[in-house]
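The values are calculated or read from the model by the stated rules, or taken from the named source; none is laboratory data. It should be emphasised that the depicted structure is a prediction, and the values quoted were computed from it without experimental measurement. Note that each Cβ is placed from the backbone with ideal geometry, even for glycine, and that neighbours are counted across all protein chains shown.
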Amino acid sequence: MNKALIAIFFAATGMCAHAQSSTASPAASSATLSPIGLWKTVDDETGITKSEVRITEAEGVVSGRIERLVDPTVRQDSKCIECRDDRKDQPVIGMEILRGLKKVDGKDEWEGGTVLDPKNGKVYKATLVPLEDGKKLQMRGYFGFLYRTQVWIRVQ
């Protein structure tokens with residue numbers, strides 16, 4: 001009797017686990033708890049969508065480039081006039097605004113890199129944390145103890 005109950009238990013839990021793994025949506029899997037993809041950037045002060053940023057990973061390092069400017073008040077041919085590094089006077093579309101972020105061991109968090117605000121040319125320390133099963137991304141820029149947080153929306 002005990003062996004039969006144990007067999008039924010393992011069969012039932014095995015079928016449930018198989019059903020969950022075969023029907024789980026990509027958003028529910030831990031693989032999507034990643035910043036990799038295309039994101040709508042939303043200004044934390046105005047709530048206006050500003051751009052779309054494509055975040056990629058190469059050799060464990062995450063970076064992000066502006067693919068498209070969405071804000072109608074920003075010229076499509078804008079350049080980073082205020083930038084002080086290799087991005088000075090470069091077009092904002094195609095510009096790498098996230099650099100050098102690496103995954104924190106044991107956490108769904110990326111840090112150690114920087115984010116550029118192409119509007120004022122300032123570079124801040126940055127962290128990225130996926131939210132809501134990877135549907136949103138918390139992007140936080142730091143300057144000393146001060147920080148500013150934006151929540152970006154996944155496009156793909």
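Please work out if Val92 is at pLDDT 95 or above, under 18 Å from Leu38 (Cβ atoms) and touching a Pro at 6+ places or on another chain (Cβ under 6 Å). Answer is yes for this residue. Restricted to segment 45-56, and to residues there that are surrounded by fewer than 16 Cβ atoms within 10 Å (Cβ to Cβ) and either among the β-branched types (Val, Ile, Thr) or in contact with a Ser or Thr (Cβ under 9 Å, 6 or more places away or on another chain) (or both), the residue that is farthest from Leu137 (Cα to Cα) is Thr46. Residues of segment 78-110 being under 24 Å from the mean Cα position of the chain (by Cα) and either of a type in the set (Asp, Glu) or on the phi > 0 side of the Ramachandran plot (or both), which ones? Of everything in segment 78-110, those that are under 24 Å from the mean Cα position of the chain (by Cα) and either of a type in the set (Asp, Glu) or on the phi > 0 side of the Ramachandran plot (or both) turn out to be Asp85, Asp86, Gly94, Glu96, Gly100, Asp105, Gly106, Asp108, Glu109. Pairs meeting the criteria (first residue in segment 39-66 and free of Cβ contacts under 8 Å to residues at least 24 places away in the same chain and of a type in the set (A, V, I, L, M, F, W, C), second residue surrounded by fewer than 20 Cβ atoms within 10 Å (Cβ to Cβ) and assigned to a loop (DSSP other than H, G, I, E, B), beta carbons under 7 Å, at least 6 apart or on different chains) are Ile48/Asp71.
Looking across segment 75-85, the residues that are surrounded by 14 or more Cβ atoms within 10 Å (Cβ to Cβ) and either in a loop (DSSP other than H, G, I, E, B) or in contact (Cβ under 8 Å) with a residue 60 or more places away in the chain (or both) come down to Ser78, Cys80, Glu82, Cys83.
With the checklist (1) surrounded by fewer than 17 Cβ atoms within 10 Å (Cβ to Cβ); (2) on the phi > 0 side of the Ramachandran plot in hand, flag the one item Ile153 doesn't pass. It fails just one condition, (2).
Table: residues versus (1) at pLDDT 50 or above; (2) surrounded by 10 or more Cβ atoms within 10 Å (Cβ to Cβ); (3) more than 17 Å from Val115 (Cβ to Cβ); (4) within 25 Å of the chain's Cα centre (by Cα).
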| site | (1), (2), (3), (4) |
| --- | --- |
| Thr13 | no, yes, yes, no |
| Ser29 | no, yes, yes, yes |
| Gly37 | yes, yes, no, yes |
| Asp43 | yes, yes, no, yes |
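In this structure, is Gly112 of a type in the set (Gly, Ala, Ser) and more than 16 Å from Val53 (Cα to Cα)? So Gly112 fits the description; yes.
Of all residues in segment 102-114 being under 28 Å from Val74 (Cβ atoms) and in contact (Cβ under 8 Å) with a residue 40 or more places away in the chain, which is surrounded by the fewest Cβ atoms within 10 Å (Cβ to Cβ)? Only one residue fits best here, namely Gly113. Checked against (1) of a type outside the set (A, V, I, L, M); (2) touching a residue at least 24 places away in the same chain (Cβ under 8 Å); (3) closer than 17 Å to Pro35 by Cβ; (4) part of a strand (DSSP E or B), Gln138 passes all but a single condition, namely (2).
With β-branched (Val, Ile, Thr) and over 14 Å from Pro35 (Cα atoms) as the only criterion, which of Val104, Val74 stands out? Unique residue meeting the criteria: Val74.
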